[in-house]
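Worksheet for the structure shown next.
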Amino acid sequence: MNTLAEFNKMRTEAVDYIKSQVKFEPKIGIILGTGLGSLVDGITMVGTVNYDRIPHFPVSTVESHAGRLLFGHLKGKPVVCMQGRFHYYEGYSFQQIAFPIRVLKALGMQTLIVSNAAGGMNPNFQPGDIMVIKDHINFFPGNPLLGPNDDTLGDRFPDMYEVYNHALIRLAREVALEQKLRLQEGVYIGVTGPCLETSAEYRMFRGFGADAVGMSTVPEVLTAHHQHNKILGFSIITDMGLADNMHPCSLDDVIGAATKAEPKLRTLIAGCVERMEV
Ligand code: HPA
């Protein structure tokens, strides 16, 4: 674990490099999950910075992820997209997963929009549905906020009252209604993966009160919440994890379903961004 001084130096070096490449202050950060990469097509691009050029930035190992920051305007709002994210199952530490979120904040981010692919456990869901995340359960064996706390960034003991911003959830509901899009709502449980769940695990997680399960999002959200970002999260339900009705599920199934649902999520996010106050 880095000391606060080491961390601050690393973040400054990353931020200075990015600013030397792109002169732009993003207000909204968007993390694009599995198969959702083309969400960026609606963005008027100002510049990109590849992860592997940014000092101290982790480099993504998953093939379906490009690995760069993309800066530009979405519906006139200044955004930065993380094309490619870092998963705990890839071997990154929670600190490494948190690092880009700290950097985005230092660049100007006030609001974070996260998307992911997730297994549905609520029997009212169907593959292809989009769920706005109302709350989460951290089932990862750790937390990016462990270790010394930087009081200039956030509280030692953040309260978890409104992690997923209520006004943004309402906005997502309104936009979905206007777009005639069925928007599910629920609790996301974040797990390490890389295995999908056993039938017994799906039953347990459902019993915990979770509606969807996935392998990302929670570490980034904890970091963003700590640094007082507003957060809006969406899961694409790519497969159903119903304990008493299990089917085989491959990565192709997950990516295929995410890619198919992506135009809906893209329009929904664009509609939300358009009406966000930044
Ligand atoms: N479980 C965990 N992560 C996932 C799933 C799942 O069923 N589907 C997509 N990501």
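Applying Stokes-Einstein at 20 °C and 1.002 mPa s to the Kirkwood radius of segment 234-278, computed over alpha-carbon pairs, gives a translational diffusion coefficient of 173 µm² s⁻¹. Computed from the Cβ-Cβ distance with R0 of 35 Å, the FRET efficiency linking F208 to E13 stands at 0.30. Accessible area per residue for the chain, computed on protein heavy atoms with a 1.4 Å probe, is 44 Å². With each label modelled as a point 7 angstrom along the Cα→C-beta vector, the I137-R275 pair spans 3.2 nm. Distance from the alpha carbon centroid of segment 75-130 to that of segment 179-241 works out to 11 angstrom. Give me the percent of the accessible area of the chain that comes from carbon and sulfur atoms, probe 1.4 Å, all protein chains in place. For the chain, the apolar C and S fraction of the accessible surface comes to 52 percent. Counting only DSSP H runs of at least 4 residues, each contributing -39500 (n - 2.57), and dividing by the residue count of the chain, the helix-based mean residue ellipticity at 222 nm comes to -10500 deg cm²/dmol. The shape of segment 153-244 can be summarised by an equivalent ellipsoid whose semi-axes, obtained from the alpha carbon gyration tensor, come to 24, 21, 11 Å from longest to shortest. Charged neighbours of A212, selected by a Cβ distance under 12 Å, balance to -4 (K, R count +1; D, E count -1).
Here the gap between V59 and H166, fully extended at 0.36 nm per residue and compared with their Cα-Cα distance, gives a gain of 35.2 nm. Straight Cα distances below 17 angstrom link K134 to the aspartates and glutamates D159, E162, E174, E185, D211, E220, with same-chain residues fewer than 8 positions distant left out. For segment 1-126, the extents of the C-alpha atoms along the principal axes are 48, 37, 26 Å, listed from largest to smallest.
The alpha-carbon of K23 sits under 27 angstrom from the alpha-carbons of these lysines, leaving out residues fewer than 8 places away in its chain: K9, K75, K77, K105, K230. Here the convex hull built on the C-alpha positions of the chain has a volume of 116 cubic angstrom per residue.
The values are calculated or read from the model by the stated rules, or taken from the named source; none is laboratory data. Keep in mind that what you see is a predicted model, and the values were worked out from it rather than measured. Neighbour counts run over all protein chains shown; Cβ positions are idealised from the backbone, glycine included. We work out accessible area using only protein heavy atoms, side chains counted, and drop any ligands, DNA or RNA first. Shrake-Rupley method; radii C 1.70, N 1.55, O 1.52, S 1.80 Å.
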